[in-house]
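To start, the structure under review is shown below, and the notes come after it.
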Amino acid sequence: MTKKLLNDLSSENSLLNDLSRENSLQLDSILSSGIPWLKLDLEIPKFPIEVLNDAVESSVGWHGQWDSHYAQPDPSSQTNSWDGKVLFGPKNWNEWTPKILSDRIEDEPGLAKKYRRDLDFAWHIDVDHPVRKWVNSFLDDDAINLVSYYVLGPQGYIQPHYDDTTGNRWLNKMYAAVAWPDGCEFGFLDWGNAPIQEGDVFLINNYQHPHWVINRGTQPRIVMDINCDLTKIQDLIKRSFLRR
Ligand SMILES: [Fe+2]
């Protein structure tokens, strides 16, 4: 019986043989699968709070300026006690503003990706800053489009929404929970809460699924959002998918 099966496979099942030999896990299969999150096989070092605070203070609060240029900025009631700052992004706001005004795209990662090669992009922390060194341990600067800090204070929240994009509504941003106190939750409609713990890095799909964030704790929640060329970390993503 075994011999017959082997004979069949070698002689009459060329399609099956081809599939068996050539089938492999594709990055886009994972990214487009529709799952709202994937925990990455990557751990954030335990940074002292002074290091985190230094990075937050060094980052640039361009989001406020950015939003103020749009005709209909987000209603203030959408967030409470939330602040977003750019840690790696366009270097010069005066150079950047005309670009985004001509585009009218409310998709910051998309804009950063679009103009990444035309404008100067830079870190807003020193080359030897522990946070920057950690990101560069798995991503070269060339592969990074935008890194932002999102700080959500105690009793802060972000109302249910999903984010705009000019790209695919797939898994996209790396969501690094550098400070995730008890009482924080990140909910995805009909999927429950993402099982995020401090020190985790997730890949999330904030484009397809309505989501919200609440901090019922007493300490600020700090997340680093890394938008990058995901093909540069595809081995990590595939390994994480296979181990999930
Ligand atoms: Fe969002």
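Each value in this text was obtained by applying a stated rule to the coordinates, not by laboratory testing. Values in this document were obtained by computation on a predicted structure and should not be read as measured data. As a convention, Cβ positions derive from the backbone with ideal geometry for all residues, glycine included, and neighbour counts pool all protein chains shown.
Among the listed pairs Lys85/Lys232; Lys85/Lys238; Lys46/Lys114; Lys46/Lys113; Lys46/Lys238, those with a Cα-Cα distance over 28 Å are Lys85/Lys238; Lys46/Lys114; Lys46/Lys113. Angle check, please: helix 234-243 long axis (alpha carbons) against the longest principal axis of the chain (alpha carbons), in degrees 0 to 90, nearest 10. Once rounded, the angle reads 70 degrees. The angle separating the long axis of helix 49-58 from the principal Cα axis of greatest extent in the chain is about 70 degrees. With K and R counted +1 and D and E -1, the other residues having a Cβ less than 14 Å from that of Ile214 yield a net charge of 0.
Summing +1 for each Lys or Arg and -1 for each Asp or Glu among the other residues whose beta-carbon sits under 14 angstrom from that of Val135 gives -4. For the chain, the longest principal axis of the Cα atoms and the long axis of helix 2-11 meet at an angle of about 70 degrees. For the residues Asn13, Asn53, Asn227, a GNM of the chain with alpha-carbon springs under 10 Å puts the largest fluctuation on Asn13. All Cα-Cα separations within the chain were binned at 10 Å from zero, giving a P(r) of 7, 28, 34, 18, 5, 5, 3, 0, each value a whole percent of the pairs.
With neighbours defined as other Cβ atoms within 10 Å of a residue's Cβ, the residues His211, His161 order from fewest to most as His161, His211.
The GNM of the chain, with springs linking C-alpha atoms under 10 angstrom apart, assigns the highest mean-square fluctuation among Ser148, Ser59, Ser20 to Ser20. Taking other C-beta atoms within 10 angstrom as a stand-in for reagent exposure, Thr166, Thr79 fall in the order Thr166, Thr79, fewest first.
Work out which chymotrypsin sites (Phe, Trp or Tyr not before Pro) in the chain are exposed loop sites (DSSP not H, G, I, E or B, at most 14 other Cβ within 10 Å) and give the longest gap free of them.
No qualifying site falls inside 71-190, the longest such stretch.
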